[in-house]
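The values are calculated or read from the model by the stated rules, or taken from the named source; none is laboratory data. Just so it is clear, the structure is predicted and the values come from calculations on it, not from any experiment. Positions of Cβ are backbone-derived with ideal geometry, glycine not excepted, and every protein chain shown enters the neighbour counts. Surface accessibility is based on the protein's heavy atoms, side chains included, excluding ligands, DNA and RNA. Shrake-Rupley method; radii C 1.70, N 1.55, O 1.52, S 1.80 Å.
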Amino acid sequence: MAGAVAAVVGGVSFGASAFAEGGTAAHNAPAQKAKPAAAKPAVKPGAEPGAQSAKDTAPKVVRQLIAKGTVDGQKWSVTQEFYATFPAGYEVPAPPPGLPGGASDATSLLCQRMVVNGVRIDHQGGPWSDCQPVNGAHDPGASGEEGLWGLHDKGTTGARLFVANPAGDVAYGVVTLSDGTRLTARRVSVPTTDYGTWAVAIPDGRTIATVDAYDAHHHRVSHETDWR
């Protein structure tokens with residue numbers, strides 16, 4: 001939620017490829033002298049009964065490019081990251097006072113990495129400033145949010161990114177500017193999850209007239225006029 005950076009809408013493209021990552025580590029068992037006893041089945045190093053390798057215990061992360069392009073001559077991109085388990089260094093925030101459950105019940109982490117001109121928006125808040133705890137890969141509570149993001153004045157001036165995390169019935173979104181320009185982006189899903197996002201870039205000095213969402217049959221499912 002930091003403010004916007006000067007950024008010329010053009011050449012917007014959408015990624016459809018994702019990749020998963022997991023930590024790996026080499027483990028070598030100490031050498032042992034041969035014994036005259038009967039031969040035993042070979043055991044791979046690091047795979048002793050009851051033991052788990054680093055690859056099995058490391059948090060898994062799936063990254064999905066949502067959209068990218070240029071705005072006001074600056075490159076921009078939005079990428080979603082889903083961590084099946086909390087990564088090292090992340091601390092789950094406590095739920096609001098008086099409310100049960102909340103973030104304390106979460107098991108996974110969903111991050112929205114927004115970059116303009118090589119700078120991640122809200123990087124001042126630390127590596128997890130644009131992340132939210134979720135309950136696994138199919139948490140309905142992670143859908144329905146949207147917002148304007150930028151590097152200046154909390155997204156109210158300069159070039160901005162409009163990013164929406166709609167429910168599964170939304171196929172694409174359209175942002176119409178006050179001069180009639182229509183910016184269209186399809187919803188891209190994070191593989192193995194129910195999470196999906198669409199994003200467009202708003203040039204400096206432009207004003208948003210409407211934001212509309214459509215399903216796969218091109219029926220409008222929402223209409224908003226309160227974004228600027």
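For the peptides 214-220, 146-152, 113-119, what is the packing order when you average, over each peptide's residues, the other Cβ atoms within 10 Å and list the highest mean first?
Order by mean packing, descending: 146-152, 113-119, 214-220.
Could you provide, to the nearest whole Å², the per residue accessible area of the stretch 169-228 with probe 1.4 Å?
49 Å²
Could you work out what % of the accessible surface of the stretch 168-228 is carbon and sulfur, using a 1.4 angstrom probe and leaving DNA, RNA and ligands out of the count?
Result for the stretch 168-228: 47 percent of the exposed heavy-atom area is carbon or sulfur.
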